[in-house]
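A short worksheet on the structure shown next.
The values are calculated or read from the model by the stated rules, or taken from the named source; none is laboratory data. Not measured: the values here are computed from a predicted model. No Cβ is skipped: glycine too gets one built from the backbone with ideal geometry, and neighbour counts run over all protein chains shown.
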Amino acid sequence: MLVDFGGEEEFNAPIETVRDFVSDTEKVASCIPDSGNFSKIDTNHFTMSIEPGLGIVKGSLPLHCTLENENANAYTYLIEGKGLGSEVKMKLSINLYQKSSTTGVKWQSSIEIKGVMSGIGEAMVRKVTQEYVDKIIINVQLRIKGK
């Protein structure tokens, strides 16, 4: 199953502040709900786990994550995980741009799901994923504001 998401957000902060945030893997990981076991390998690589909460799929899914910095305003997170009878591959592209006194963020995500989780159904996966995305955006907004 392949699920695509995308959107655009506005952050009430200078582009440098948002850039520093999205390029800090530990800060980004701290905004992901139901996550834990963060371990920084180096500046661009880390591991963590999430508890997806998809229907009957319960437990912890270990993830290996890589941050690729394409240029000062373009970043890509590659995330792969195997567990709970499933395999997940995700690509999240983030592009920053300066607005008058705020920073715009365009993002695009593609998630490939195989195994048990793909049997849950696309509608349920979309619903749960959208809930996660909404929580992550709120958490990033709060963290950038220093709360």
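Some observations on this one:
- Each residue in segment 89-137 was checked for being of a type in the set (A, V, I, L, M), assigned to a helix (DSSP H, G or I) and closer than 23 Å to residue 60 by Cβ, and 8 of them qualify.
- Residue-level check: of (1) at pLDDT below 95; (2) surrounded by fewer than 18 Cβ atoms within 10 Å (Cβ to Cβ); (3) under 16 Å from the mean Cα position of the chain (by Cα); (4) within 25 Å of residue 116 (Cα to Cα), residue 56 misses just (3).
- The listed residue being at pLDDT 90 or above, surrounded by 13 or more Cβ atoms within 10 Å (Cβ to Cβ) and not hydroxyl-bearing (Ser, Thr, Tyr), out of 42, 20, 4: 20
- One residue stands out among those in segment 7-16 that are loosely packed, with under 13 Cβ neighbours inside 10 Å and touching a Gly at 6+ places or on another chain (Cβ under 8 Å): the one that is farthest from residue 94 (Cα to Cα), which is 10.
- Against the list (1) surrounded by 14 or more Cβ atoms within 10 Å (Cβ to Cβ); (2) among the aliphatic types (A, V, I, L, M); (3) more than 12 Å from the chain's Cα centre (by Cα); (4) modelled with pLDDT of 90 or more, the condition residue 142 fails is (1).
- Selection count where residues are in a loop (DSSP other than H, G, I, E, B) and in contact with a strand residue (DSSP E or B) (Cβ under 6 Å, 6 or more places away or on another chain), scope segment 30-51: 2
- Matching residues in segment 30-39 - criterion: being more than 18 Å from residue 146 (Cβ to Cβ) and surrounded by 15 or more Cβ atoms within 10 Å (Cβ to Cβ): 32, 35, 38
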